[in-house]
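Visitor: Submitted below is the structure of interest, expressed as structure tokens.
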Amino acid sequence: MADQWIVGVDLGGTTTKLAFISMDGEIIHKWEIPTDNSNEGQNITKNIANTIDEKLEELSFLKGKLIGIGMGAPGPVDYENGVILNVVNLGWNDNFPLKASLEKATSLPAAIENDANCAALGEMWKGAGNGAKDLVCVTLGTGVGGGVIANGNIVQGINGAAGEIGHITSIPDGGAACNCGKTGCLETVASATGIVRLAMVELKKDELTGELSRKLRENGKITAKDVFDSARNGDALAIRALDEVSFHLGFALANIANTLNPEKIVLGGGVSKAGAILIESVKEKFGKFAFTPVRESTKLALATLGNDAGVIGAAWLIKNKLNK
Ligand SMILES: [Zn+2]
């Protein structure tokens, strides 16, 4: 068993990431295929099975090298029953039996989990979590995802919707519309698009000097990265926008920490690439709202696995099953 591999899969709306991963969580080979969501998603698990067989052949290994397949999928997942409850852009109907479909296609034991939860498990196992058994992971990207690990296990909730940190209400009145149907969610102020929105509000206060407003004039638009870059260069307007983003993140994360007192809160996703300027600013706000024993024990850290967190966490699902 020690020299076998686990297949880790991170299923996205446009791309499927795959990796062969050793029993101690090291990536041996990783590759990607496009996600074919035509034909009501009928081809997705078939294509995964085919690409795995091709990769084994290319590497001259037999199927017996593989011990199981773990997959992170977008949307709420019923882990015990292996069912994906609803998915927006993969063609499947609600309550799609993904685990069974994956097992049938690949002839391997399978486990599935929500993708943000897989990223959290990956960071726990091999990343910034460094083995911490109580961990909260927040993914700041196009949206805001979350995963809560308590005592080494993902907190699922009664309907698979636990850990949806992105939909914590940050602006109770008059907030922007969120993809979930509510308004004022954390996602509307701390995702890449949310950050741009906050900066645009500042830019509209007819302040036409400074680096960020120059970028807007030159390019016709700004990105979240522009906001962080300009803040780093001392642009007052960008600093105000960053301050507001950090306030909302620090406020939400402190309240999560006041409830769970995790060992670590890990910030990942594209937005977290802003690095020190973001995390230091969030830490400052967090310190203000965290209960003293929480402030002294719960640490904030940047994710370290990048895009690999999902496949590594998916592999952990199989590893964890074998240990039981
Ligand atoms: Zn929402």
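The values are calculated or read from the model by the stated rules, or taken from the named source; none is laboratory data. On a predicted model such as this, the values are computed, not experimentally measured, just so you know. Note that each Cβ is placed from the backbone with ideal geometry, even for glycine, and that neighbours are counted across all protein chains shown.
Visitor: Does Ile239 qualify as being within 23 Å of the chain's Cα centre (by Cα), on the phi < 0 side of the Ramachandran plot, assigned by TED's automatic domain parsing to the domain that holds Lys204 and assigned to a helix (DSSP H, G or I)?
Guide: no
Visitor: Could you tell me which residue of segment 187-207 is modelled with the lowest pLDDT, considering only residues that are in a loop (DSSP other than H, G, I, E, B) and surrounded by 11 or more Cβ atoms within 10 Å (Cβ to Cβ)?
Guide: Per the stated criteria, the residue is Glu207.
Visitor: Does at least one position in segment 92-112 carry a residue that is touching a residue at least 24 places away in the same chain (Cβ under 8 Å), among the charged types (D, E, K, R), more than 16 Å from the ligand (Cβ to nearest atom) and under 24 Å from Lys273 (Cα atoms)?
Guide: No, there is no match, as no residue in segment 92-112 is touching a residue at least 24 places away in the same chain (Cβ under 8 Å), among the charged types (D, E, K, R), more than 16 Å from the ligand (Cβ to nearest atom) and under 24 Å from Lys273 (Cα atoms).
Visitor: If you don't mind, another one. Whether any residue in segment 79-101 is in contact with a Gly (Cβ under 6 Å, 6 or more places away or on another chain) and in a strand (DSSP E or B) is what I want to check.
Guide: yes
Visitor: So which residues in segment 36-83 are within 17 Å of Ile112 (Cα to Cα) and of a type in the set (Ser, Thr, Tyr)?
Guide: Hits for segment 36-83 are Thr45, Tyr79.
Visitor: Still on this structure: Looking only at segment 208-230, count every residue that is assigned to a helix (DSSP H, G or I) and at pLDDT below 90 and tell me the total. Before the answer, list the steps.
Guide: Our first condition is that a residue be assigned to a helix (DSSP H, G or I); within segment 208-230, this holds for 211-219, 224-230.
Retained after the next criterion (residues that are at pLDDT below 90): 217.
Residues that pass the stated criteria total 1.
Visitor: I've got another one for you. In segment 154-186, what residues are more than 8 Å from the ligand (Cβ to nearest atom), crowded, with 20+ Cβ neighbours inside 10 Å and not in a loop (DSSP other than H, G, I, E, B)?
Guide: Ile154, Ile165
Visitor: Within segment 187-199, how many residues turn out to be touching a residue at least 24 places away in the same chain (Cβ under 8 Å), within 14 Å of the ligand (Cβ to nearest atom) and more than 14 Å from the chain's Cα centre (by Cα)?
Guide: The total comes to 3.
For (1) of a type in the set (Phe, Trp, Tyr); (2) in contact with a strand residue (DSSP E or B) (Cβ under 9 Å, 6 or more places away or on another chain); (3) over 17 Å from Gly143 (Cα atoms), each residue gets a yes or a no:
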{"residue": "Ala176", "(1), (2), (3)": "no, yes, no"}
{"residue": "Glu187", "(1), (2), (3)": "no, yes, no"}
{"residue": "Val196", "(1), (2), (3)": "no, no, no"}
{"residue": "Met200", "(1), (2), (3)": "no, no, yes"}
{"residue": "Thr209", "(1), (2), (3)": "no, no, yes"}
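Visitor: Can you tell me which residue within segment 17-51, out of those that are among the β-branched types (Val, Ile, Thr) and either at pLDDT below 95 or crowded, with 21+ Cβ neighbours inside 10 Å (or both), is nearest to Ala100 (Cα to Cα)?
Guide: Thr45
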